[in-house]
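Readers should treat all values here as calculations from the given coordinates under stated rules, not as data from a laboratory. The model shown is predicted, which means the values in this text are computed figures rather than measured ones. Note that each Cβ is placed from the backbone with ideal geometry, even for glycine, and that neighbours are counted across all protein chains shown.
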Amino acid sequence: MVEVENNVLVHELQLGTQLSQSVHSGRRADFALMLAMLSDDVREHSQFHLPHTETTENEINDKKLRQRFQLPEPAPLAVQDPQEIAKYNQAKLVLEKRLADLHLQNILSPLPLSIRDDASYIESEIIENTSIHCQRRYKKQSDKDKEGLFNKVAQFNAKAWLSGIEKSLLDSPMVTSHSSA
């Protein structure tokens, strides 16, 4: 029986040796079913959840780069004050065909890129059009971001993974047929 985490099969480690056993025993339907049940997002697979080593590099940040290249401050991401919404009314300049004035105004004081102040907000219509795994990850992120638990790196047990491969190879009928010949 396939073990699943929260009733959702995400990566091949949850299958144990069943995937390789279905290949060696020629059960194509089982193999295809198990692959179809895995997440289509490759970043969810176990090989992308290896422990990471942190490297220290010279810190180059946005502020230093803006000073070096003499760039203006970035456009704000969202409206901070509801009174700023009036700045979005640029229709008069467009109707008067004063596009150069509009362009200059946007360069001198860039308008916010969004009215909403929540950078992690995604409309429900967009979320509903994603895969079940993506919806689950988004819900998990929104639930656990407050606690800081979502970005925790999963541990990879290399010994168990290698022993699973070894066991499936030893249980394979192709390996036993070569050893008896």
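Descriptive notes on the structure:
- In this simple spin-label model, placing a label point 7 Å from the Cα along the Cα-to-Cβ direction at both ILE126 and GLU96 gives a separation of 3.5 nm.
- For segment 62-108, the square roots a ≥ b ≥ c of the C-alpha gyration tensor eigenvalues yield an a/c of 1.5 or more together with a/b not exceeding b/c, which makes the shape oblate.
- Model label points for ASP41 and GLN135, set 7 angstrom from Cα along the Cα-to-Cβ axis, are 1.4 nm apart.
- Karplus-derived 3J(HN,Hα), 6.51/-1.76/1.60, for each residue of segment 61-76, Hz, glycine and proline x: 10, 4, 5, 5, 5, 5, 5, 5, 9, 6, 9, x, 5, x, 5, x
- Proximity of backbone amide H atoms, modeled 1.01 Å from N, is registered between ALA78 and LEU113, SER114 at under 5 Å, excluding neighbours fewer than 5 places apart on the same chain.
- Phi-based couplings in Hz for segment 89-106 (Karplus 6.51, -1.76, 1.60; Gly and Pro marked x): 6, 10, 5, 4, 5, 5, 5, 7, 6, 9, 5, 5, 5, 4, 5, 4, 4, 5
- Placing pseudo-labels 7 Å out from each Cα toward the beta carbon at LYS64 and LEU104 gives an inter-label distance of 3.7 nm.
- Counting 0.36 nm for each residue step from ALA86 to SER142 and taking away their Cα separation leaves a gain of 17.0 nm.
- Averaged over residues, the count of other Cβ atoms within 10 Å places the peptides 70-76, 25-31 in the sequence 25-31, 70-76, highest first.
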